[in-house]
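Every number in this text was worked out from the coordinates using simple rules, so none of it is lab data. Predicted model only: the values in this text are computed from it and were never measured. Please note: Cβ atoms are built from the backbone with ideal geometry, for glycine as well, and neighbour counts cover all protein chains shown.
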Amino acid sequence: MTTPWDPDQYARFEDSRLRPGLELRDRVGHPGPRAVSDLGCGPGALTLALAVRWPRARITGVDHSPEMLARARAATAELPPGVTLAFETGDVATWAPPRPQDVIFSNACLHWVRDHPVLLPRLMGHLAPGGVLAFQVPLSHAEPSHAAMGEVLDREGLGGEDLRRSLARAWVLSPAEYLALLTPHARQVDVWETCYHQVLEGEDPVLEWVRGTGLRPVLDALEGEERERFLAGYREALRTAFPRRSDGTMVYPFPRLFVVART
Ligand SMILES: C[S@@+](CC[C@H](N)C(=O)[O-])C[C@H]1O[C@@H](n2cnc3c(N)ncnc32)[C@H](O)[C@@H]1O
């Protein structure tokens with residue numbers, strides 16, 4: 001089952017969401033890629049940033065969400081001269097490019113795709129000699145914002161087994177596991193973590209943040225009164241976990257894992 005993505009909700013906090021992707025792009029280190037794919041390109045802002053960085057490359061954004069692809073195509077209707085950008089429907093789990101790629105880039109997507117021990121070697125196999133796989137995934141799943149989802153479901157007796165299992169699954173591997181998995185397929189593997197301590201404003205900003213991403217499976221699984229009951233409990237849990245500071249803002253830690261593997 002695929003939960004629909006809402007480009008408007010995702011676009012809130014856009015600057016903060018894009019920052020890890022821009023920092024990842026700046027670590028790719030390929031001298032002159034000609035074929036670049038952006039897997040799980042979403043609304044296309046980073047795909048465009050890749051095109052700006054490598055204007056001579058053919059850049060392809062791939063996503064399985066029609067809503068996100070429509071937004072990406074609209075956002076990039078007018079491109080700087082010489083930039084080649086295309087968006088295609090595709091499932092990252094089975095994606096195979098028509099020719100080897102110089103850069104396979106993926107920001108905030110691969111945690112939605114299962115079975116990294118199979119997926120990542122397959123992606124490495126789609127690289128041209130000297131190619132680079134670069135991805136960034138969240139490490140939020142053990143953080144209070146995400147742990148509270150399961151706690152509130154349990155306390156309120158909401159949601160089925162499938163939802164609980166899906167929330168509790170290992171969304172990403174550990175840094176050591178990514179190193180072990182990719183080293184046999186790469187000349188060099190670089191893995192690092194960064195935590196962005198984000199100062200957020202507004203009414204329940206952490207709730208609004210996760211609504212656009214991690215909370216989608218829960219919202220999709222609950223309806224009507226159950227959804228409202230969940231949201232009331234979850235809002236309270238977030239207010240406790242992320243107390244408002246004297247200036248009215250909240251600090252929401254945003255830990256991310258980065259991996260760059262070079263062939
Ligand atoms: C959090 S958004 C990130 C979008 C963009 N990369 C960014 O950083 O702004 C995740 C995107 O991954 C896409 N996605 C998730 N699983 C996917 C899959 N199996 N195949 C293709 N796209 C997928 C979603 O549709 C969504 O657009």
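The figures follow:
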item	result
Lys, Arg +1 and Asp, Glu -1 on Cβ, resulting dipole of the stretch 84-162 about Cα centre, debye, nearest 20	460 debye
Other-chain or far-sequence residues with amide H under 5 Å of R34's (modelled H)	D102
Ascending count of other beta-carbon atoms within 10 Å, so fewest first, for R99, R34, R262	R99, R34, R262
Quarter of the Cα convex hull surface for the stretch 42-132, i.e. its orientation-mean projected area (nm²)	5.9 nm²
Estimated vicinal HN-Hα couplings, Hz - the stretch 222-229 in sequence order (Karplus 6.51, -1.76, 1.60; Gly, Pro = x)	10, 10, x, 4, 5, 5, 5, 5
Neighbour net charge for R71 - beta-carbon separation under 13 angstrom, K R +1, D E -1	-4
The stretch 169-263 - percent relative contact order, Cα under 8 Å, separation 6 or more	53 percent
In sequence order, calculated HN-Hα J values of the stretch 165-182 (Karplus, 6.51, -1.76, 1.60; Hz; x Gly/Pro)	4, 5, 5, 8, 5, 7, 6, 9, 7, 7, x, 4, 5, 5, 4, 5, 5, 8
Along each principal axis, Cα extent of the chain, largest first, Å	53, 41, 36
Sum of -39500 (n - 2.57) over DSSP H runs of 4+, divided by residues of the chain (222 nm, nearest 500)	-11500 deg cm²/dmol
Exposure proxy order (Cβ contacts within 10 Å, fewest to most) of R245, R227	R245, R227
Residue among V28, G42, L79 farthest towards the positive dipole end of the chain, charges placed on Cβ	V28
GluC sites (Glu not before Pro) lying in DSSP loop within the stretch 132-204, provided at most 11 other Cβ fall within 10 Å	E201, E203
Over the stretch 26-170, relative contact order from alpha-carbon pairs under 8 Å, at least 6 apart, %	23 percent
Whole-Hz couplings from phi, Karplus 6.51/-1.76/1.60, listed for the stretch 195-206; x for Gly and Pro	10, 8, 8, 8, 8, 10, 10, x, 6, 6, x, 5
Most mobile of V28, V132, V118 in a GNM of the chain (Cα contacts under 10 Å)	V118
Mean separation of Cα contacts under 8 Å, 6 or more apart, over the residue count of the chain: relative contact order %	22 percent
Dipole magnitude of the stretch 1-112 about its Cα centre (Cβ charges: Lys, Arg +1; Asp, Glu -1), debye to nearest 20	420 debye
Stretchable slack from A180 to D8, in nm (0.36 nm times residue separation minus alpha-carbon distance)	58.1 nm
Cut-off 13 Å between beta-carbons: net charge of the residues surrounding G131, Lys and Arg +1, Asp and Glu -1	+3
Simple Cβ-charge dipole of the chain, Lys/Arg +1 and Asp/Glu -1, about Cα centre, in debye nearest 20	1100 debye
Residue with peak Gaussian network fluctuation, the chain [Cα springs, cutoff 10 Å], from V137, V52, V189	V52
Amide hydrogen neighbours beyond the local backbone of L127, cut-off 5 Å, H modeled	Q101
